[in-house]
Structure formats: structure tokens, C-alpha cells
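Right, one structure below, let's go through it.
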Amino acid sequence: MYLSKEYKADIFKEFAGSVENTGSAEGQIALFTKRIAHLTGHLKSNRKDFNTQRSLQKLVGKRRSLLAYLYKKDIERYRAIIKGLGLREIIK
């Protein structure tokens, strides 16, 4: 699989603070972002893979809802994760 245990551990260590903190919003957003990037690459070469396309849309929706939660809960954490992942321009 493209996301091995070690790779996931690195993601959570970098964005969530520790390897055991797998439920944090920042860690989940980072993991979803890596998965979205992988599925986007897959869909570029397999345009008619509609199951993967639906999975990608669901992941984008989950990430969007977590980002909205983080935006409402703590704007500084939201800005940090956006900047760390390079998702969009930071709202000031």
C-alpha cells in the first residue's frame, strides 16, 4: 500500500505532534491531503475510474469539514495547517 505505517507515523509526528495522536484534526487533514494527492495522480492516468473519483470526492469533503471545524475552533491552528500543507492562501 502507498501509505505504510512508517509513512503515516511521519505524517502524524510532523503535523499532530506525536505518533500516538492520530485523532487530531491536523493529523487527519494532513493524512487526507496525502491520500488526495495520491488519488489525483491515479486519476490523471485512469480517467474512467469512477469508483476512485467518488472516493476522492468523499475525501475532499471530509477534509473540508475538518478544516471548517478547525477554522471555527481555533483560527491559529487552522492557519498553521494551511501554511504547513500549502493548501490555500491564508486568510488574514
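The values are calculated or read from the model by the stated rules, or taken from the named source; none is laboratory data. Here the structure is a predicted model, which is why all the values come from computation and not from measurement. Note that each Cβ is placed from the backbone with ideal geometry, even for glycine, and that neighbours are counted across all protein chains shown. Ligands, DNA and RNA are excluded from the accessible area calculation, which covers all protein heavy atoms including side chains. Shrake-Rupley method; radii C 1.70, N 1.55, O 1.52, S 1.80 Å.
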- Message: Which count do you get for residues in segment 19-28 that are more than 16 Å from Y7 (Cβ to Cβ) and in a helix (DSSP H, G or I)?
- Response: 2
- Counted residues, segment 50-78 - those being among the basic types (K, R), within 15 Å of L31 (Cβ to Cβ) and free of Cβ contacts under 8 Å to residues at least 24 places away in the same chain: 2
- How about segment 42-85: which of its residues are of a type in the set (K, R) and within 25 Å of E14 (Cα to Cα)? K58, K62, R63, R64, K72, K73, R77, R79, K83
- Query: Of the residues that sit in segment 8-52 and are of a type in the set (F, W, Y) and in contact with a helix residue (DSSP H, G or I) (Cβ under 8 Å, 6 or more places away or on another chain), which one is most open to solvent (accessible area, probe 1.4 Å)?
  - Reply: F15
- Query: Looking at (1) closer than 26 Å to K5 by Cβ; (2) in contact (Cβ under 8 Å) with a residue 12 or more places away in the chain; (3) part of a helix (DSSP H, G or I), which is the one condition that is false for G41?
  - Reply: (2)
- Task: Say whether the condition of being open to solvent by 90 Å² or more (accessible area, probe 1.4 Å), touching a helix residue (DSSP H, G or I) at 6+ places or on another chain (Cβ under 7 Å) and outside any helix (DSSP H, G or I) is met by at least one residue in segment 69-82.
- Result: no
